[in-house]
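The values are calculated or read from the model by the stated rules, or taken from the named source; none is laboratory data. The structure presented is a predicted model; accordingly, all values stated were derived computationally and were not measured. Every residue, glycine among them, receives a Cβ derived from its backbone with ideal geometry; neighbour counts consider all protein chains shown. For accessibility, only protein heavy atoms count, side chains too; no ligands or nucleic acids. Shrake-Rupley method; radii C 1.70, N 1.55, O 1.52, S 1.80 Å.
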Amino acid sequence: MTAAIFVSVLLCVGFGIVWYSDFVFGRAWLEAIGKTADEVEPYVARHAVSLIGWFASSFVYALLISQSIMSNVQEFLFLSIALWGAFMMPAKAMSIVHGRFNTKVMWIDGMYHLIGYLIMALVFGYFVLGQ
């Protein structure tokens, strides 16, 4: 499972680099948070935090599936969607409501995390189940 953790972390961080690039949602995200590229945290710092966050998520994901009776990748995908819907999106929505941010931030960040969790499900399905 160690390989699944590291591969999923690398893929999720790599996906985030593309997702928040100017070619995809980088400009829209900056506009939504009301900042310029010069006003946000340095590139390396943002992705270091992302690396730590995805490592924590992937580690907990590994713990959850190691204690479960899930036997196919569809169940891993369902787990990813359930975790995203139960924990990530409500937390993001609350921070949007209380922080008075643009809801576009919630959807840009939220979809990034959903796709990241789905990547995690597919990686774990491949490494753990061979599917």
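Considering every Cα-Cα pair within the stretch 66-131, what fraction, in whole percent, is farther apart than 16 Å? Here the long-distance tail beyond 16 Å is 50 percent of all Cα pairs in the stretch 66-131. Annotation: extensible slack from VAL97 through THR36 equals 19.8 nm (criterion: 0.36 nm per residue apart, minus Cα-Cα distance). For the chain, the share of accessible area belonging to carbon and sulfur comes to 71 percent (1.4 Å probe, ligands and nucleic acids excluded).
Taking all protein chains together, TYR112, TYR117 sort by accessible area into TYR117, TYR112, largest first [probe 1.4 Å]. For the stretch 1-48, the alpha carbon positions stretch 40, 20, 13 Å along the principal axes, listed from largest to smallest. Which angle from 0 to 90°, rounded to the nearest 10, does the C-alpha axis of helix 89-99 make with the longest principal axis of the chain? Its long axis makes an angle of about 20 degrees.
By the equivalent-ellipsoid construction on the alpha carbon gyration tensor, the chain comes out with semi-axes of 28, 16, 12 Å, ordered largest to smallest. For the stretch 16-84, the fraction of C-alpha pairs more than 16 angstrom apart is 62%.
Evaluate the stretch 45-93: find the radius of gyration of its Cα atoms, find its Kirkwood radius, and give the ratio Rg to Rh.
Across the stretch 45-93, the Cα-based Rg/Rh ratio is 1.03.
Coupling constants for the stretch 29-45 follow from the phi torsions by the Karplus curve (6.51 cos²θ - 1.76 cosθ + 1.60, θ = phi - 60°), and in residue order they are 5, 4, 4, 5, 8, x, 10, 9, 4, 6, 8, 8, 4, x, 3, 5, 5 Hz; glycine and proline get x. Per residue, the accessible area of the chain comes to 60 Å² when a 1.4 Å probe rolls over the protein heavy atoms. The charge dipole of the chain, taken about its Cα centre with unit charges on the Cβ of Lys, Arg, Asp and Glu (plus for the first two, minus for the last two), comes to roughly 160 debye.
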